[in-house]
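Okay, handing you the structure first.
The values are calculated or read from the model by the stated rules, or taken from the named source; none is laboratory data. In this text, all values refer to a predicted model and were calculated from it rather than measured experimentally. Note that each Cβ is placed from the backbone with ideal geometry, even for glycine, and that neighbours are counted across all protein chains shown.
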Amino acid sequence: MKVKRKDYVIGIAFVLPALILILCLIVYPVINALILSFQTWKGIYGTPRTWVGLKNYTGILSSEIFWKSMLNSFWFIVGGFGVLMPLSFGLALLITSKLKFTRFMKTSYFMPVILGTTTVALMWTYMLNPEWGAVAQLFKFLHLDGAIFDWLSTPTLNVWCVVLVNEWMYAGYNMLIFAAGLVAIPDELHEAAIIDGCNGWQKIRFVTLPLCKNSFKIFSILCVTGCLKVFDIVWAMTRGGPNNVSSTPAIMLYTQAFQYKLFGRSGAYSIILLVFGLILSVVMNRVFRQESDLYS
């Protein structure tokens, strides 16, 4: 059937607003950041930009602080796959089961997401206070006074404190991702597995997990990209300190631009994060590729 010119015009008219938004809010900022990453600029309107080539990139990649910040992002990824994924999947199994009070459990588990990152970060900062925080008081009650110290000021340990708080916060959000995959599995498959003699664990291993592959792919992509650009919860709890030991690449991007006025180096940070995010997203898509895609 021949498509009329009028249909082309109508189609373009519907697509044009979205294209304009994409060009203005995504394509232009990325191109501008790419150009800025090869320059030096203090962020003051009217001041000249000086072309420095790859100097910003070489300075970042040869910086020990950058690789420490990448290591901190790596710990977030480890926590995401080692703690958040099994926790979220377990909660999804719980709320999609036939147990009572599942509606109450859904609301309770999703509550930290509703609170917001800054609220959660401040709440846990107060709870982890070594003098009057709830965790310190619990340790005193258990006569574990020797385990009480300033957790958020201790190198390495403060990163893991923030990682675990991050997993606690986003468990409910990722629970819904896995729950969507679980409810899409036909009940007949579970019944057939039971008839074939599968116990609870075997049913999860041979039926549930393979059919939730798309949910795991979505979780993996969101996890690795989110961990690379994590900023708010770390900034609210530790400010990247002490002495940048808990900084992430996103915090380095922010401080380089708005504290040290090195907008060119900040742009280089953004491009490096973009490239890492794209590479890891492609890897996750490759790892969780469906078998049917192998022959397409």
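State yes or no: is Pro130 touching an Asp or Glu at 6+ places or on another chain (Cβ under 7 Å), without any contact (Cβ under 8 Å) to a residue 60 or more places away in the chain and not aromatic (Phe, Trp, Tyr)?
Considered against the rule, which asks whether it is touching an Asp or Glu at 6+ places or on another chain (Cβ under 7 Å), without any contact (Cβ under 8 Å) to a residue 60 or more places away in the chain and not aromatic (Phe, Trp, Tyr), Pro130 comes out as yes.
Here is a check on your reading of the model: is Ser88 in contact (Cβ under 8 Å) with a residue 12 or more places away in the chain, in contact with a helix residue (DSSP H, G or I) (Cβ under 6 Å, 6 or more places away or on another chain) and farther than 30 Å from Pro242 by Cα?
yes
Which condition breaks for Ala193 when tested against (1) small (Gly, Ala, Ser); (2) within 24 Å of Leu278 (Cα to Cα); (3) in contact with a helix residue (DSSP H, G or I) (Cβ under 7 Å, 6 or more places away or on another chain); (4) outside any loop (DSSP other than H, G, I, E, B)?
The failed condition is (2).
Moving on. Determine whether segment 17-34 contains at least one residue that is of a type in the set (Gly, Ala, Ser), at pLDDT below 90 and loosely packed, with under 13 Cβ neighbours inside 10 Å.
Among the residues of segment 17-34, not one is of a type in the set (Gly, Ala, Ser), at pLDDT below 90 and loosely packed, with under 13 Cβ neighbours inside 10 Å, which makes the answer no.
Confirm whether Leu122 is in contact with a helix residue (DSSP H, G or I) (Cβ under 7 Å, 6 or more places away or on another chain), at pLDDT 85 or above, over 28 Å from Phe216 (Cα atoms) and surrounded by fewer than 15 Cβ atoms within 10 Å (Cβ to Cβ).
Here the answer is yes, as Leu122 does meet what is asked.
Go through segment 138-156 and report how many residues are loosely packed, with under 14 Cβ neighbours inside 10 Å and part of a helix (DSSP H, G or I).
Going through segment 138-156 one residue at a time, the tally reaches 6.
In segment 152-200, how many residues are closer than 21 Å to Thr117 by Cα and of a type outside the set (Val, Ile, Thr)?
18
So if I check each of Ile12, Ile77, which one is in a helix (DSSP H, G or I) and surrounded by 13 or more Cβ atoms within 10 Å (Cβ to Cβ)?
It is Ile77.
Name the residue, out of Tyr126, Tyr109, Tyr170, that is within 16 Å of the chain's Cα centre (by Cα) and assigned to a helix (DSSP H, G or I).
Only one candidate passes the filter, namely Tyr170.
Rundown of residues vs (1) without any contact (Cβ under 8 Å) to a residue 40 or more places away in the chain; (2) among the aromatic types (Phe, Trp, Tyr); (3) in a loop (DSSP other than H, G, I, E, B); (4) closer than 28 Å to Gln256 by Cα, yes/no style:
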| residue | (1), (2), (3), (4) |
| --- | --- |
| Val165 | no, no, no, yes |
| Met175 | no, no, no, no |
| Phe206 | yes, yes, no, no |
| Asn244 | no, no, yes, yes |
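Something else now. Restricting attention to segment 143-167, and to residues there that are more than 15 Å from Asp232 (Cα to Cα) and of a type in the set (D, E, K, R), which single residue is farthest from the chain's Cα centre (by Cα)?
Among residues in segment 143-167 that are more than 15 Å from Asp232 (Cα to Cα) and of a type in the set (D, E, K, R), the one farthest from the chain's Cα centre (by Cα) is Asp145.
On the basis of being on the phi > 0 side of the Ramachandran plot and either modelled with pLDDT of 90 or more or surrounded by fewer than 16 Cβ atoms within 10 Å (Cβ to Cβ) (or both), does Phe101 make the cut?
Yes; evaluated as a whole, the condition is true for this residue.
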